[in-house]
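The structure under discussion appears below in the form of C-alpha cells.
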Amino acid sequence: DAGYYGGDSTGGQRQDFIGAFTGRNGITTRDEFLKNPAAQLDAFDRAVPIFWSRLTGLGLDRFVGSSVNGVSITESGLIGGAWIGGPGGVQHYLTGAGNRADINGTTVSDYIDRFGGYDIGGQIRRR
C-alpha cells in the first residue's frame, strides 16, 4: 500500500516481510526499512489515507464514537487496526466475524485500542 513492500507468497497474511521490497527510497530489505525511521514515517503517511479510503468505502467510519467489546472506536484506532489486519480485518472485528491476529498474536482489537484517540484529521478526508 505504501509502495515499499511488494509482498510474498503468503499474500501478506503472515506479516513477516520476507518477500520482495520495491526499492522505494532505496529500501530493498526488511532490515533497511527497520533501520530507516524516515522511510517508516513515509510509509505511514502514505498508508493512512489509503486505509481510510478503504475503511470508509466499507462504511466502517459509522462505528467511530461507539464501543465494540469494550474497545472505544476512533478514527486513529481504525487506522491502527487496518495496519495490522487490513480493512477487511477491521470489518470482521467490528461486525463480530472475528479478531484477526498477526504472527506475534497481536489482534486487530489490540491495535484499535492501542492507537485510538490520536488526531489524524490532517491525514484523512472525512465524508
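The values are calculated or read from the model by the stated rules, or taken from the named source; none is laboratory data. All values reported here derive from a predicted model rather than from experimental measurement. A quick note on method: Cβ atoms are made from the backbone with ideal geometry, for glycine too, and the neighbour counts reach across all protein chains shown. Please note that ligands, DNA and RNA were not included when accessible areas were found on the heavy atoms of the full protein model with its side chains. Shrake-Rupley method; radii C 1.70, N 1.55, O 1.52, S 1.80 Å.
Show me the trypsin sites (Lys or Arg not before Pro) within the stretch 1-100 that DSSP assigns to loop and that have at most 15 other Cβ atoms within 10 Å of their Cβ. Mind dumping the intermediate values first?
Values: sites: R14, R24, R30, K35, R46, R54, R62, R100; in loops: R14, K35, R100.
Qualifying residues, ordered by number: R14, K35.
If contacts are Cα pairs under 8 angstrom and at least 6 residues apart, what is the relative contact order of the chain in percent? Walk me through the numbers before you get to the answer.
Details: 178 pairs, mean separation 27.6, N = 127.
Contact order relative to length: 22 percent.
Sorted by accessible area with a 1.4 angstrom probe, largest first, how do D1, D102, D119 fall? Spell out each step's value before the answer.
Working: D1 100, D102 25, D119 140 Å².
The ranking, largest first, comes out as D119, D1, D102.
Assigning unit charges at the beta carbon (Lys, Arg +1; Asp, Glu -1) and nothing else, what dipole magnitude in debye, to the nearest 20, does the chain show about its Cα centre? Mind showing how you got there, number by number?
On the way: 12 positive and 13 negative charges, 68 e Å.
Result for the chain is approximately 320 debye, rounded to the nearest 20.
Please calculate how many Å² of accessible area the stretch 10-116 carries per residue, with a 1.4 Å probe and no DNA, RNA or ligand atoms counted. Intermediate values should be presented prior to the final figure.
On the way: 5560 Å² over 107 residues.
On a per-residue basis, 52 Å².
Over the Cα atoms of the chain, compute the convex hull volume and normalise it per residue, giving Å³. Mind showing how you got there, number by number?
Numbers: hull volume 13.8 nm³, N = 127.
For the chain, the hull spanned by Cα atoms encloses 109 Å³ per residue.
Would you work out what percent of the accessible area of the stretch 8-119, with all protein chains in place, is carbon or sulfur (probe 1.4 Å)? Intermediate values should be presented prior to the final figure.
Values: 2980 of 6080 Å².
C and S atoms contribute 49 percent here.
With runs of 4+ DSSP H residues as the only contributors, calculate the mean residue ellipticity of the chain at 222 nm using -39,500 (n - 2.57) per run, divided by the residue total and rounded to the nearest 500. Write out the running numbers ahead of the final one.
Numbers: 4 runs with 53 residues, N = 127.
Per the formula, -13500 deg cm²/dmol.
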